[in-house]
Amino acid sequence: MFTQIALWATVITYTVHLAGHIFDKIAIVPNWHGGTIDEMTRNKAFFQKGHIHTFFGLAHLACFISSLITAILVQGSSGNAGLYAWAAFGLNFATSVWTIIYFVPMNKYFDAGQYDPVVLHTYVKRWTVANHLRFVLLTIALVLAILAFEAYR
């Protein structure tokens, strides 16, 4: 019973995380994807009371923990549930490390508010292109979590 709850929790956390990325792609990133100082300043002013980084920090952590617990619990079960669960965790782990190494430094630059127009434009282009790949990887991780859930039943 606890394993099924963990499987559900993993699917739900990946779904919420991916929904956050969809919202970010549709509602937030279009406001600054041109890479101009005016766009970035306006975006920074919008997030005075809170920031979407808070959501993604919690989403990454929740996916990481639920995915790891699920992979441990279904390891050794019959079928491919363990394989799918460990693959989902592996993708999540890789995406989390990549986010910390690649995206976080650019996010800190964006949040600092002291922009060089050339650097800002370059970072925004790099960030937006790489974010598409991150979205695809998290989508695959969600599919793998669903497959683990299905394989375990």
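Assorted remarks:
- Lone qualifier among 124, 143 - being under 23 Å from residue 47 (Cα atoms) and either at pLDDT below 95 or out of contact with any Lys or Arg (no Cβ under 7 Å at 6 or more places or on another chain) (or both): 124
- Residue in region 77-84 that is under 19 Å from residue 24 (Cα atoms) and of a type outside the set (Ser, Thr, Tyr) present: no
- Residue satisfying condition, being out of contact with any helix residue (DSSP H, G or I) (no Cβ under 7 Å at 6 or more places or on another chain), small (Gly, Ala, Ser) and modelled with pLDDT under 95, within set 94, 112: 112
- Just one of the numbered conditions (1) at pLDDT 95 or above; (2) closer than 18 Å to residue 2 by Cα is not true of residue 131: (2).
- Residue that is farthest from residue 106 (Cα to Cα) [pool: residues in region 1-33 that are small (Gly, Ala, Ser) and surrounded by fewer than 13 Cβ atoms within 10 Å (Cβ to Cβ)]: 19
The values are calculated or read from the model by the stated rules, or taken from the named source; none is laboratory data. Just so it is clear, the model here is predicted, and its values are computed rather than measured. Cβ: placed from backbone, ideal geometry, glycine included. Neighbour counts: every protein chain shown.
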